[in-house]
Structures are given as C-alpha cells and as structure tokens.
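The values are calculated or read from the model by the stated rules, or taken from the named source; none is laboratory data. All values reported here derive from a predicted model rather than from experimental measurement. In case anyone asks, the SASA skips ligands and DNA or RNA and just uses the protein heavy atoms, side chains included. Shrake-Rupley method; radii C 1.70, N 1.55, O 1.52, S 1.80 Å.
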Amino acid sequence: MKQAAYSLFETPLGWCGIAWSEIPNADAPYAVALLQLPEATAELTESRIARSCGGAQRTELPLQMLSISSRVLRHLQGDLQDFRDIPVDLDSAGPFVRRVCELTREIPVGQTVTYADIATKLGRPSLARAVGRALGRNPIPLIIPCHRVMAAHGKPGGFSAFGGRATKAKLLAIEGATVNLCLELRSGS
C-alpha cells in the first residue's frame, strides 16, 4: 500500500484512525486509503491502523484530511454527511471487491440494501455471500458504508469492525436507518 501517513482522531464511538495516500497530478492531493473504526482502546486502534499501513508513520493531518476527519466526527455526532465526494484509494483491492465497494458507496444515508441486492446489481445474483466477504475486506468503512448492507429478511449480517453487529447497529441508529428497510440501488450505477 502506498501510504503517506496515518493519524488518529477522537469520535463519540472512540478513537478512529485514518490513513491516506498521495495522488500525484490530481485535483485532490490525497485519497483515503484506510479508515479504522474504534477498537476497545486508542492504543489498539493505532496498533491496527499502523499494522495495516505497512510501516507508515503517524503524523498530523494535512488540511484536506483534517476536513475529512471533521466530517466523520460530525457524522458520528448525528450531523449526517454524504461521503461520496471523498477520493478513495482502492488500488490494492481486486476488481470484484472494488466494484462491490463502488456500488456500496451509492447507498444513501439512512437507507439499507441486502448483499443479494448488490450481487444482483453486479449481474451475479448467486454471489450474495461473496459480496459479504468482499465487504468484510472494505478498507474504508463509513466512507464506503458497508454497515448499510444487510443479510436477507432484514437480518443485520456481519460487520468486521470492533464491536461487530453492535457497532453496525450504532452506525445505522445514528443515520436513522431501520434494519429491515431496503432500497434498490440506482440502475445508473
């Protein structure tokens, strides 16, 4: 991973970590490469993001990344944000994971879809479990809102962040989503 650096910031759910990569010759100088949702302690959050960043150093947030962390903080405080404009770095993800993340990114705040909905949108309705596994490898939860993807019949499904389904439920509650509310993805995505 081509990390420039990472930093931690405090939120109502605990300490989050954010890592970014540089984008040479682009409108935005950085893209979010990882967003670490809170672990049990700030030290565990830092340990996990540092390990995931392959040796990058902790540093202060550049202005663009400070703006993104501020938006994440506001979102977790209930001032809901649309993160679709934030550049993300999915270069290390395979094509299937990348496409699943792209479709997941289109789910509006407060809405949910199922793993099967995404698989169907991919033209592969039998791959609902593969969609779930792909989202388990989502490096940028919240910005790529995998918490908005549910299992069949209104069941919550899994969530790989610390706290698992409880954290997923907290994120959905902040957004005012109900577990059984499903929305068909836009056909233009």
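A few remarks follow.
- Among Thr112, Thr120, the sequence by solvent-accessible area, most first, with a 1.4 Å probe is Thr120, Thr112.
- Percent carbon-and-sulfur accessible area, segment 68-189, ignoring ligands, DNA and RNA, probe 1.4 Å: 52
- Normalising by residue count, segment 131-172 has a Cα convex hull of 61 Å³ per residue.
- Antiparallel content of DSSP bridges confined to the chain, in %, to 5: 75
- Label of the coordinate-derived value, Cα extents along the principal axes in Å, listed as [x] 66, 38, 28; [y] 43, 34, 26; [z] 84, 46, 23: [y]
- Amide H contacts of Met150: Val113, Thr114, Tyr115, each under 5 Å away and 5 or more positions distant or on a separate chain (H built 1.01 Å from N in the peptide plane; Pro and chain starts excluded).
- On a per residue basis, segment 23-170 carries 48 Å² of accessible surface, using protein heavy atoms and a 1.4 Å probe.
- Shape index of segment 78-167: Rg/Rh, with Rg the Cα radius of gyration and Rh the Kirkwood radius from the inverse mean 1/r over Cα pairs, equals 0.93.
- Spatially near lysine pairs across the chain, Cα under 23 Å, sequence gap of 8 or more or different chains: 4
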